[in-house]
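**Student:** Have a look at the structure that comes next, please.
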């Protein structure tokens, strides 16, 4: 399981960005989780409504690098884990590059590269991630991702199922793919969305592990994409 966490952290926290930019990469974040033709959900409010007892939703504009929600009941945690309609709370990038809605009750970690949101579990059931590769292009970032994945031997990011989408009105490329964590023989499913804006090649992603409800997680990912806005 340690190998799973390390591999997922590299994907979500920005180690792949370092490959594209020549940087040192970000500190590992919490570990990261099928059909790409899901019907788009209704527009989501830019600020989520706290679940009862979760007063720590005041993550809006928080400069803290890590946000941990206050404890919730078992019933509330089940709703957060499985419900595609879990509330989103607005997260403002400390560097002022973007704002995005992230699921209430998930663990949020932010650094200079971007932000990741992880759904608790053993291993973590799903991760959302946002990262910026300054000065890079989408082809260069994809090539760097592919190169790193070949080195670690846990998957091959292929483009045979890629399709066009939009993020904040910008044409983007979505790449669904899956890899197998060799040490544990566990399949991890991924959705990467790439686009260029504001001097960056951006990667917005969803990773799901076995046991996650893929359709629920994919719906949350679509809602996150709808809420993403550059500043």
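**Student:** In the range 86-110, what residues are farther than 15 Å from residue 204 by Cα and either outside any strand (DSSP E or B) or over 14 Å from the mean Cα position of the chain (by Cα) (or both)?
**Tutor:** Residues satisfying the conditions are 86, 87, 89, 90, 92, 94, 95, 96, 104, 105, 106.
**Student:** Within the bounds of the range 136-150, is there any residue that is part of a loop (DSSP other than H, G, I, E, B), at pLDDT 90 or above and either at negative phi or more than 12 Å from the chain's Cα centre (by Cα) (or both)?
**Tutor:** Yes: one or more hits.
**Student:** Follow-up question, since we're still on this one. Looking at (1) modelled with pLDDT under 95; (2) under 30 Å from residue 83 (Cβ atoms); (3) not in a helix (DSSP H, G or I), which is the only condition residue 216 fails?
**Tutor:** Only one criterion is unmet by residue 216, namely (3).
The values are calculated or read from the model by the stated rules, or taken from the named source; none is laboratory data. Just so it is clear, the structure is predicted and the values come from calculations on it, not from any experiment. Backbone-built Cβ (ideal geometry, glycine too); neighbour counts: all protein chains shown.
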